[in-house]
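So the structure is just underneath, and the comments pick up after that.
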Amino acid sequence: QIDSHSFFWNIAPGAESAVSSFVTHLAVAEALHKASDVHLLQRNIMFTFFQGETFDYIGSSRMVYDMEKDKFPLRLDNIHSFVELNQVALRNGSALWMHTDPVSRMNSSVEAQVRNLLDILSSSSMGANVTLEEVEFSQPLPPSSFQRFLRARHIPGVVLTDHKTAFQNRYYQSMYDTPENIRMEYPEGLSPEETLEYVTDTAKSLADVATVVARALYRLAGGANNTSAIQADPKTVTRMLYGFLIKMNNSWFQSIIKPDLKGILGDVPQHYVAVSSPVNTTYLVQYVLANLTGTVVNLTKEECLNPEKTPNMEKEMYDYAWVQGSLDPNSTLRVPYCVRSTVHLSKALSPAFELRQWGSTEYSTWTESRWKEIRARIFLVASKELEIITLVVGIIILVFSLLATYFINAKADILFSIPRDPGAVAY
């Protein structure tokens with residue numbers, strides 16, 4: 001889930017409810033991408049980021065719908081297992097809880113696969129600063145995207161959270177779910193660049209979670225080598241936390257996005273949910289993932305922007321992006337380059353609108369209001385002292401005006417009489 005919600009429109013920091021999980025998810029992708037034999041794995045690992053989940057799982061329900069209607073490259077039958085990262089930043093000690101679906105586990109084959117999944121996750125945490133624990137068999141799943149897939153098919157899966165039965169997050173879907181809520185702290189006096197690179201304790205904690213998940217996914221995908229080399233980078237995690245929670249308009253985000261998208265880099269990050277069109281977070285997650293898992297290719301700007309005109313580019317498999325690049329150390333100009341990745345956007349619009357089933361109880365029918373600009377005029381009230389001074393000065397001016405008018409009127413015949421002609425002589 002990459003979006004959040006609150007009572008006030010577009011004020012949704014989502015530090016614990018969204019950012020902690022998708023940042024950890026991105027760190028997992030980077031750790032696996034760096035594995036030397038990742039291209040030899042028997043199974044593919046698909047990282048998914050769902051938009052609109054806060055409004056009744058719009059993104060995940062649309063993916064399931066497209067898979068069932070053969071409108072997606074994969075089918076539900078292609079899914080071997082499902083691992084979801086939920087809220088993971090507010091761990092109590094080192095504990096991370098593994099939630100599973102008790103209904104699907106009644107099937108013996110699904111139960112065997114879930115058991116294998118839990119065992120791999122547990123063994124992957126050995127030697128790490130994370131302890132994975134199971135919840136009771138009969139406890140249902142917490143709110144999660146995995147539920148939409150289970151409604152269509154019994155898939156072995158697990159949801160990882162920092163809580164067992166009740167949320168640790170007191171500000172879930174609230175405007176108060178800020179960086180302070182997940183204990184992000186920086187020393188005073190750091191410059192923006194120093195803050196971007198400063199590794200917080202929160203970043204180290206989420207990197208530990210990402211390391212465990214990456215090692216487990218490696219083994220689930222058929223990896224046979226020792227997983228000790230697979231390690232999430234706390235520096236990457238701290239950069240992402242800074243960018244998605246403190247300041248989007250930072251040097252790293254500026255260097256990895258397209259020039260025509262630089263306008264989305266506002267100062268205050270917000271992850272408010274949308275029901276159809278991509279939001280700023282969607283694009284940023286796309287380009288961060290492309291940066292962490294893609295490859296820099298030697299193409300010109302024209303070739304990168306129009307890959308279909310160049311042979312052997314495999315446009316269906318790869319996405320090509322001409323990004324701004326970092327600033328040249330000796331000038332104020334940037335050095336752009338082309339990134340090739342397997343990151344793609346897919347439509348996240350509720351199937352209810354495509355089916356025109358406005359009263360659907362199967363799919364989300366949330367809509368957004370038409371937002372108009374709200375204006376207000378503020379009038380400042382003067383202090384008592386200023387009011388008294390104004391009154392006294394006004395009375396003084398009034399008295400002076402009355403006196404001046406009286407004396408001018410008394411001497412009017414002298415002040416306003418017509419002067420005599422100096423040339424006339426009287427006898």
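Structural remarks
- Whole-percent carbon and sulfur share, accessible surface of the chain, 1.4 Å: 54
- DSSP beta bridges fully contained in the chain are about 55 percent antiparallel.
- Bridging of K315 to aspartates and glutamates at a Cα separation below 19 Å is possible for E302, E303, once same-chain residues fewer than 8 apart are set aside.
- The coefficient of translational diffusion for region 213-284, derived via Stokes-Einstein from the alpha carbon Kirkwood radius under 25 °C and 0.890 mPa s, stands at 168 µm²/s.
- For region 155-194, the Kirkwood hydrodynamic radius comes to 13.4 Å, computed from all pairs of different C-alpha atoms.
- Size descriptors for region 93-154 (Cα atoms only): Rg and Dmax, in that order, 12.6, 37 Å.
- With the gyration tensor restricted to C-alpha atoms of region 1-101, the semi-axes of the equivalent ellipsoid amount to 25, 21, 13 Å, longest first.
- Ignoring lysines fewer than eight residues from K204 along the same chain, the ones with Cα atoms less than 17 angstrom from its Cα are K235.
- By the rule of a C-alpha distance below 17 Å, with chain neighbours fewer than 8 residues away ignored, the aspartates and glutamates paired with K34 are D208, D233.
- Its DSSP H runs of at least 4 residues, each contributing -39,500 (n - 2.57), put the calculated 222 nm mean residue ellipticity of the chain at -10000 deg cm²/dmol, to the nearest 500.
- Amide H within-cut-off set for K247, under 5 Å, with H built and near neighbours excluded: none
- Within region 275-321, the percentage of alpha carbon pairs spaced more than 13 angstrom apart rounds to 64%.
- Only one item in [x] 32.4, 142; [y] 31.0, 126; [z] 24.9, 83 matches Rg and Dmax of the Cα atoms in Å derived from the coordinates shown, and that item is [x].
- Close amide H partners of R334, meaning residues 5 or more places away or on another chain with modelled amide H under 5 Å apart, are D328.
- Distance between region 60-78 and region 165-230 - C-alpha centres, whole angstrom: 30
- Cα centroid of region 253-305 to Cα centroid of region 318-359, whole Å: 5
- Restricting region 140-238 to GluC sites (Glu not before Pro) that sit in a DSSP loop and have at most 16 other Cβ atoms within 10 Å of their own Cβ leaves E185, E188.
- Proximity of backbone amide H atoms, modeled 1.01 Å from N, is registered between L132 and L96 at under 5 Å, excluding neighbours fewer than 5 places apart on the same chain.
- Helix axis angle, 20-33 relative to the chain longest principal axis, alpha carbon, degrees: 50
- HN-Hα J in Hz across region 305-318 - Karplus 6.51, -1.76, 1.60, θ = phi - 60°, x for Gly and Pro: 7, 10, x, 5, 8, 10, x, 6, 9, 6, 4, 5, 8, 10
- Helix axis angle, 384-410 relative to the chain longest principal axis, alpha carbon, degrees: 20
- Between the Cα long axis of helix 280-293 and the first principal axis of the chain there is an angle of about 50°, rounded to the nearest 10.
- On a per residue basis, the chain carries 57 Å² of accessible surface, using protein heavy atoms and a 1.4 Å probe.
- The chymotrypsin sites (Phe, Trp or Tyr not before Pro) of region 379-408 meeting both criteria, a DSSP state outside H, G, I, E and B (loop) and at most 16 other C-beta atoms within 10 angstrom of the site's C-beta, are F379.
- Across region 63-216, the mean sequence separation of Cα contacts (distance under 8 Å, 6 or more residues apart), normalised by length, yields a relative contact order of 33 percent.
- Binning the alpha carbon pair distances of region 285-427 at 10 angstrom intervals from zero yields the distribution 8, 14, 11, 12, 10, 7, 8, 9, 9, 8, 4, 1, 0, expressed in whole percent.
The values are calculated or read from the model by the stated rules, or taken from the named source; none is laboratory data. Everything quoted here is computed from the prediction, not taken from an experiment. Heads up, the Cβs are rebuilt from the backbone with ideal geometry, glycines too, and the neighbour counts pull from every protein chain shown. All accessible areas refer to the heavy atoms of the entire protein, side chains included, with ligands and DNA or RNA removed. Shrake-Rupley method; radii C 1.70, N 1.55, O 1.52, S 1.80 Å.
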